[in-house]
Amino acid sequence: MFFRYIYKQDIWNNALYDKVENISLGDVISYNQDKRALYDRWQQVGDQAEFKSISLTTTTPMSSRFVQTENTLSFESINVGYEITQKPWLNRAGLSALRFTAYTGEIFRFSTIRRERGIDYPYARSFSLGINANFK
């Protein structure tokens with residue numbers, strides 16, 4: 001099993017800067033954009049919002065507002081196997097050993113930062129199964 005953690009790492013969140021705060025109306029129409037670009041921004045008088053209105057076309061300068069502290073725990077992968085040896089039926093099949101393996105990756109990820117990873121922030125999960133036969 002392989003776990004990974006990140007504790008109190010400051011990172012620049014480019015998705016917030018380019019695809020939320022400084023997104024243009026043309027980009028919203030033409031590209032698959034972060035949903036925060038439409039829903040988490042200022043829309044009417046009295047709103048307490050993290051991002052400016054989409055109608056404001058001036059570029060927001062870079063600032064520490066887009067630096068976020070990341071705390072992450074992820075279960076990266078697990079690899080398990082089982083080996084069969086010294087069984088009478090293996091001998092009859094002309095085998096000295098038979099091994100079964102299974103692997104999966106990107107099992108879960110918890111983070112204090114939402115990064116752009118495609119639609120609804122998916123992570124690619126992979127699965128593989130293997131059989132290894134040792135012949136006599």
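So the values come out like this:
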item: Any hit, the range 91-106, residues being touching a residue at least 12 places away in the same chain (Cβ under 8 Å), aromatic (Phe, Trp, Tyr) and not in a strand (DSSP E or B); result: no
item: Long-range neighbours under 7 Å by Cβ, at least six apart or interchain, first residue closer than 30 Å to PHE135 by Cα and surrounded by fewer than 15 Cβ atoms within 10 Å (Cβ to Cβ) within the range 68-86, second at pLDDT 95 or above and aromatic (Phe, Trp, Tyr); result: ASN79/TYR103; GLY81/PHE100; TYR82/PHE100
item: Candidate set from the range 10-50 (those that are assigned to a strand (DSSP E or B) and loosely packed, with under 13 Cβ neighbours inside 10 Å); member that is modelled with the highest pLDDT; result: ASP10
item: Selection within the range 41-67 - more than 24 Å from the chain's Cα centre (by Cα) and touching a residue at least 40 places away in the same chain (Cβ under 8 Å); result: THR60, MET62
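The values are calculated or read from the model by the stated rules, or taken from the named source; none is laboratory data. Note that the structure is a prediction, hence the values are computed from the model and not measured. Glycine also receives a Cβ, built like all others from the backbone with ideal geometry; neighbour counts cover every protein chain displayed.
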